[in-house]
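Undergrad: Structure below; questions to follow.
Any read-out appearing in this document is the output of simple, stated calculations on the displayed coordinates, not a laboratory observation. Not measured: the values here are computed from a predicted model. Every residue, glycine as well, gets a Cβ built from its backbone with ideal geometry; the counts of neighbours run over all protein chains shown.
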Amino acid sequence: MIAAPRILRSTHGAAIAIVVGMSVFSLQDAIIKALSGTYPVTEAIAFRGAFALPLFTWIVWQAGGLRLLWTVRPFALVGRGVLQMLTRPQLSRQSRKSPL
C-alpha cells in the first residue's frame, strides 16, 4: 500500500483537496462552455487533456513514480476501457435524439 500525501492525511487537508478539485472541475466546465462557440467541444477537451498531461506526470513523479499506476488486475482495466469505447457511440446517438 502506498501512503497518501501528507496533506491528505488530515481531515482539513482532505477537505481542502476536495474543494480545490471541485473548483477545478467547475472552472474547466466554464472554459469548455466559453470555447464551445469558437472551437468544437472535442478539440477543447483534447487541449484540456494536453495541458493536464504535464501536471499529471509531475504529480505521479512526486508521489513515487510509475509504479503507482500499476494495477493488480490489468485485464479488468482493459475490459472497462473496451466497454467504454463500445458504449460511447450509443450514448452520443441517444443524446442527439432526446428532446432538451
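Undergrad: Collect the residues in region 63-83 that are more than 21 Å from L53 (Cα to Cα), surrounded by 10 or more Cβ atoms within 10 Å (Cβ to Cβ) and not aliphatic (A, V, I, L, M), keeping them in residue-number order.
TA: Of everything in region 63-83, those that are more than 21 Å from L53 (Cα to Cα), surrounded by 10 or more Cβ atoms within 10 Å (Cβ to Cβ) and not aliphatic (A, V, I, L, M) turn out to be G79, R80.
Undergrad: Could you list, in sequence order, all residues of region 31-48 that are surrounded by 10 or more Cβ atoms within 10 Å (Cβ to Cβ) and part of a helix (DSSP H, G or I)?
TA: The first filter runs over region 31-48 and keeps only residues surrounded by 10 or more Cβ atoms within 10 Å (Cβ to Cβ), leaving 31-36, 39-41, 43-48.
I31, I32, K33, A34, L35, V41, E43, A44, I45, A46, F47, R48, listed by residue number.
Undergrad: Which members of region 52-68 meet the condition of being over 20 Å from F25 (Cα atoms) and part of a helix (DSSP H, G or I)? Show your work before the answer.
TA: First, the residues of region 52-68 that are over 20 Å from F25 (Cα atoms): 61-68.
The answer is W61, Q62, A63, L66, R67, L68.
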